[in-house]
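The block underneath contains the structure these notes are about, expressed in structure tokens.
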2 protein chains.
Amino acid sequence: MSDLIDTVRPLAKKTDSKILMVVLDGVGGLPLTVNGDTELATAQTPHLDALAVQSQLGLAELVAAGITPGSGPGHLSLFGYDPLKYVVGRGALSAVGIGVKLNAGDVAVRGNFASLGQSRLIVDRRAGRPSNEKNAEIVAKLRAAIPEIGGTPVEIYSESEHRFVVVFRATGTPLGANVSDVDPQVTGVPPHVAVAHDPASERTAELVNAFVARAEAALADEPQVNGVLFRGYSDVPHFPNFDDIYQLRAACIASYPMYKGLASLVGMDVLPVEGEEDALAGKVAALRENWDNYDFFYWHVKKTDSTGEDGDFAAKVKKIELFDALLPDLLALQPDVLCIVGDHSTPSKLASHSWHPVPLLIQSRYGRKDAAARYTEEEAQKGSLGLRRGTDIMPLLMANALKLQKYGA
Amino acid sequence: MSDLIDTVRPLAKKTDSKILMVVLDGVGGLPLTVNGDTELATAQTPHLDALAVQSQLGLAELVAAGITPGSGPGHLSLFGYDPLKYVVGRGALSAVGIGVKLNAGDVAVRGNFASLGQSRLIVDRRAGRPSNEKNAEIVAKLRAAIPEIGGTPVEIYSESEHRFVVVFRATGTPLGANVSDVDPQVTGVPPHVAVAHDPASERTAELVNAFVARAEAALADEPQVNGVLFRGYSDVPHFPNFDDIYQLRAACIASYPMYKGLASLVGMDVLPVEGEEDALAGKVAALRENWDNYDFFYWHVKKTDSTGEDGDFAAKVKKIELFDALLPDLLALQPDVLCIVGDHSTPSKLASHSWHPVPLLIQSRYGRKDAAARYTEEEAQKGSLGLRRGTDIMPLLMANALKLQKYGA
């Protein structure tokens, strides 16, 4: 099947209508017992219920049947990019996830701290899973020891435990990412020497090998965290620009780095949000203040996912109810098209992302009567939108906003 | 995704069973107010209602989510041709739409009449939108002045206002259509000289440039309509033959040129229909008279679309009821498989084609119990056929007619 983006792009037209896409991260859930209620069905959501009666509902599968989406693929699908075709490399996603902006030509690499024994043989590929504090201490050492390599700026960032990210900043010539892994994925052998698989990646392989040597020197006095392994090199993904595809001026209103990073990768403007953590009030304020300046808003809620990841059913219910309470503030802006959806399910029962489709709600002036009476997984099954791929959502929102011309005469 | 046609073709077998595909053009609609009734739900349709109870229902998306199909893509999808793969060029579609038969090797070109000023600079790309009468008068002048160019027959046809179509008839060597536009799409510059982009199109570019010069000479005494611009050259689409794919003898019963042309492009026999405009009685008679000679009938109703395009809800309801009244005449022929569907939705509320899925009804001896009680958008949501791509319909009809062998052992 040809990419839906290629079909939509020549049909898109600028209009004054406004689209608001609310992403309740991980909102889809599961009942705790057979035939019980999910988190959404348990929550008291008077405003969502009233909205659902006037909206079209359905279910969206973000990647494919049975596939549990990561945040990257889930969001790319919502933005209309087939997540099986548009892939953000692990290194780039790690960088994006901690808020590091990548520029064309840079390479981001995921690293693990490791324990090396005699003759550099790997004893533990995760260096005994150091604490985050220890991780930060090691990263500080490495930053001091390796600010650059032969004129190429090197940036080193903590992730958690044994994980860190290195960004090699291109100066002039772009760096290639086609480099073999340093991590042999077994113990009892020394780290591999990185090899470039194409000429554009030769400088990157040199940088990686130099980094490994200099890191081992800098960490020689560490009893356990004394080596580094690399796996997953990414250059910066070049995705078609969201605004160009859809003829939109699009803005992201989110507070966590991963989501701002993903929106920025496809070219959305990332708006500042006041407040700590999920900062829902700040996000409402940012939406209100910027309402006239954009015609598409991606508006993200994080805690519906975090509570699901924690396996805390009651807390997730509560977060859904918190969103319901501020829904009137969003409705007051009278978007021409309002979409409420998740980027994946995160059932408390699984305490993780899951493959289950997410409930999809679209409100516009051009909807049909629809049997779904609430924004829940069960009611969404009765909705007129049916069960769809996530990549169908953007074309549907564009159509409902009357922003797509007819295909063919 | 591989093309469904390629899967179906080797499985198709000839049998005596008969399939009747009724296309109610643009039949899908919208309620005028939230949760109101659509045109189909408002109409009094006792015969359709009774049929629906005994049939399978579902919804069909002709092109893709959110995509509003033109008549060409909508019909190709109904005939089983993926409309994102099988494309009818604008020139060819214009020719087809006015009933001109194209032969292999011919090229059809869409033209605009334009107003040229001093030094051939374009003043108005639409020549002040002349009346259809003026258009016909100009076309007559051009026909007299340009019956052929260097031995290549030239045919000129009116469309409406400033629009016309030219067909260059191949004599021997096929004409290519890979020619640059004469229309610069701006005013204040002269028309472009057409350039061939491949050797097979060199003769076509010569014909186009000669046509432009001779037309300007013939129209030199016209104050306003004194130039021609070309955009959209099409050779004749070479689609796999419908009868060959499905092992059918297929006939088209329609009264408007566009639909006869589309059926003819895929190789159906186009049967004569007595009567003016939609000529429903004539179409019933044509079906009855030819019932023994074919095993697939495409039977088209136009006015459900026209009234929707006019934004006339009540008139569209009336046209649906008119169809309902003659449904018993169709049922009396006892087709083995009866399908009722649209080629796209045309809600009166939008007064245009729309992206909304169309209700799909299939009656055969081999259906399951189905909760849909009427042929309406709302009831079709409950149907056993689900929400599908339009290209699924032909395989379903073939299967229900027991005309498809098992796939694999």
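Observations on the structure shown:
- Pairs where the first residue, in region A:362-386, is in the same structural domain as residue A:36 (by TED's automatic domain parsing) and the second is basic (Lys, Arg), C-beta under 6 Å, 6+ apart: A:371/A:382; A:372/A:382; A:384/A:368
- The test for being out of contact with any Cys (no Cβ under 8 Å at 6 or more places or on another chain), in contact (Cβ under 8 Å) with a residue 12 or more places away in the chain and under 19 Å from residue B:72 (Cβ atoms) does not hold for residue B:282.
- Hits in region B:270-301 - residues which are of a type in the set (D, E, K, R), closer than 23 Å to residue B:99 by Cβ and buried (at least 22 other Cβ atoms within 10 Å of the Cβ): B:278, B:283
- Test: residue B:135 is buried (at least 17 other Cβ atoms within 10 Å of the Cβ), outside any strand (DSSP E or B) and in the same structural domain as residue B:220 (by TED's automatic domain parsing): yes
- Pair list, Cβ < 8 Å and 6+ apart or interchain, from region A:302-326 residues that are in the same structural domain as residue A:358 (by TED's automatic domain parsing) to residues that are among the aromatic types (Phe, Trp, Tyr): A:302/A:256; A:302/A:259; A:304/A:323
- Matching residues, region B:318-348, being among the aliphatic types (A, V, I, L, M) and either modelled with pLDDT under 95 or part of a strand (DSSP E or B) (or both): B:337, B:338, B:340, B:341
- Each residue in region B:25-82 was checked for being hydrophobic (A, V, I, L, M, F, W, C), out of contact with any helix residue (DSSP H, G or I) (no Cβ under 8 Å at 6 or more places or on another chain) and within 13 Å of another protein chain (Cβ to nearest Cβ), and 2 pass.
- Looking only at region B:353-389, and only at residues there that are part of a strand (DSSP E or B) and within 14 Å of another protein chain (Cβ to nearest Cβ), the one that is farthest from the chain's Cα centre (by Cα): B:386
- When region B:83-119 is limited to residues that are within 12 Å of another protein chain (Cβ to nearest Cβ) and more than 15 Å from the chain's Cα centre (by Cα), the one that is surrounded by the fewest Cβ atoms within 10 Å (Cβ to Cβ) turns out to be B:85.
- Region A:344-361, residues that are closer than 13 Å to residue A:22 by Cα and touching an Asp or Glu at 6+ places or on another chain (Cβ under 6 Å): A:359
- Of all residue pairs spaced 6 or more apart or on separate chains, those with beta-carbon atoms under 8 Å, a first member in region B:29-46 that is on the phi > 0 side of the Ramachandran plot and a second member that is surrounded by fewer than 22 Cβ atoms within 10 Å (Cβ to Cβ) are B:35/A:53; B:35/A:54; B:35/A:369.
- Hits in region A:390-401 - residues which are more than 7 Å from chain B (Cβ to nearest Cβ) and either under 25 Å from the mean Cα position of the chain (by Cα) or surrounded by fewer than 20 Cβ atoms within 10 Å (Cβ to Cβ) (or both): A:390, A:391, A:393, A:394, A:397
- Checking each residue in region B:390-409 for being part of a loop (DSSP other than H, G, I, E, B) and either acidic (Asp, Glu) or at pLDDT 95 or above (or both) picks out B:401, B:402, B:403, B:405, B:406, B:407.
- Filtered residues of region A:181-206 (kept if in contact (Cβ under 8 Å) with a residue 40 or more places away in the chain, surrounded by 16 or more Cβ atoms within 10 Å (Cβ to Cβ) and either under 28 Å from the mean Cα position of the chain (by Cα) or not assigned by TED's automatic domain parsing to the domain that holds residue A:152 (or both)): A:181, A:182, A:183, A:204
- Cβ pairs under 8 Å, 6+ apart, first in region A:211-233 and over 23 Å from residue A:180 (Cβ atoms), second assigned to a helix (DSSP H, G or I): A:218/A:141; A:218/A:142; A:218/A:144; A:218/A:145; A:222/A:138; A:225/A:134; A:225/A:138
- Condition met for residue A:162 (surrounded by 21 or more Cβ atoms within 10 Å (Cβ to Cβ) and either outside the structural domain of residue A:215 (by TED's automatic domain parsing) or in contact with an Asp or Glu (Cβ under 8 Å, 6 or more places away or on another chain) (or both)): no
The values are calculated or read from the model by the stated rules, or taken from the named source; none is laboratory data. Source: prediction; values computed, not measured. Using ideal geometry, Cβ is built from the backbone for each residue, glycine included, and neighbour counts are taken over all protein chains shown.
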